[in-house]
Amino acid sequence: MKKLILSVALLAGITFIACSDEDNVIPVVAYSGCQACEIAADSLSNLPNENYDVCVGASDTIVYVNGAYTGIRPERYFSLFCDNAYGEVTEPTNPGNNVNCVTCQSYVNSAGETIAASEVCRAADGRAIVAGDTLAANYDTYIATQLTLTTCQ
């Protein structure tokens, strides 16, 4: 009887260890950057014609879509599924105009407020575009200011 009780207790202990919550932890992936995968409105696909973000892992240079690992390098993913090319960035307010964009990381300002990360693009006239809004500030001046507060890549 003692062996039976000991066996049941041992089995319960092993089950508890095997079913711990640590196995359910989803790893957080750091991205080196994200780009919109553009889908043409005249596509013959049955999928909705909506652009979506494609992110590249910082450590493995593999594409992640909605946080899911695809196992495909970005150049190949864009050639298979997107109407734009990897590295081709379009102006958020005027798609089709190639512009240079960088992502500035979040930071805490002097008032203690957290300023969210933002994508900053150069408009055709040289002004900065932040979150789709064209600013009065020159792109180079805006980036220089941001670089005193955070990193932009």
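Derivation of every value follows stated rules applied to the coordinates shown; laboratory data play no part. Since the structure is predicted, the reported quantities are computational estimates derived from the model, not experimental observations. With ideal geometry, Cβ positions are generated from the backbone for all residues, glycine too; neighbour counts draw on all protein chains shown.
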Please list 138-151, 117-130 highest first by mean number of surrounding beta-carbon atoms within 10 Å per residue. 117-130, 138-151
At what distance in nm do the modelled label points of Ser59 and Ala30 sit from each other, each positioned 7 Å from its Cα along Cα→Cβ? 0.9
Given the Cα-Cα distance of Asn51 and Ala136 and 0.36 nm per residue of separation, how much length would full extension add, in nm? 27.8 nm
5 angstrom amide H check on Gly33, placed H, neighbours 5+ away: Val56
Taking amide H positions as placed 1.01 Å from N in the peptide plane, with prolines and chain starts having none, which residues 5 or more places from Ile115, or on another chain, fall under 5 Å of its amide H? Tyr107, Val108, Asn109
Multiply the residue separation of Leu80 and Lys3 by 0.36 nm, subtract the distance between their alpha-carbon atoms, and state the gained length in nm to one decimal. 21.6 nm
